[in-house]
Amino acid sequence: MPVATAKVFQSGNSQALRLPKSFRLKSKTVTLVRTTDGFSVHDAGDHARRVKAFGALAGSCPEFPQLAANVASNARRDWE
């Protein structure tokens, strides 16, 4: 996973990050999620593009075997 340093600065009454070129985002809006050691940035547009691409694959491989649904999701496991 790439690691880089970003500059923090004031932009009016807001705090901003200057991201390195290798971390550029395609969307104008991101979701911030607070974590125990800071926060993570999620590009909502990127997620939507992955969902759309995954949906386009539906039915693209008709010879792929149909898998049974996991009907034992509430089953007690050995480690529980």
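Throughout, read-outs are computed from the coordinates displayed, never taken from laboratory work. Quick caveat, the model's predicted, so the values are computed rather than measured. Heads up, the Cβs are rebuilt from the backbone with ideal geometry, glycines too, and the neighbour counts pull from every protein chain shown.
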(Q) Using a Gaussian network model on the chain with a 10 Å cutoff between Cα atoms, which of Ala48, Ala58, Ala68 fluctuates the most? (A) Ala68
Q. Based on the alpha-carbon gyration tensor of the chain, what equivalent-ellipsoid semi-axes (square roots of 5 times the eigenvalues) come out, in whole Å, largest first?
A. 39, 22, 12
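DSSP loop trypsin sites (Lys or Arg not before Pro) in the range 1-76 with at most 13 other Cβ atoms within 10 Å of their Cβ, which ones?
Here the trypsin sites (Lys or Arg not before Pro) that fit, given the DSSP loop and packing criteria, are Arg24, Lys26, Lys28, Arg76.
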Q.
Are there any chymotrypsin sites (Phe, Trp or Tyr not before Pro) in the chain that are in a DSSP loop and have at most 16 other Cβ atoms within 10 Å? List them by number.
A. Trp79
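Taking only DSSP H segments of four or more residues, each worth -39500 (n - 2.57), what value at 222 nm results for the chain once the sum is divided by all its residues, to the nearest 500 deg cm²/dmol?
On the way: 1 runs with 13 residues, N = 80.
Computed ellipticity for the chain at 222 nm equals -5000 deg cm²/dmol.
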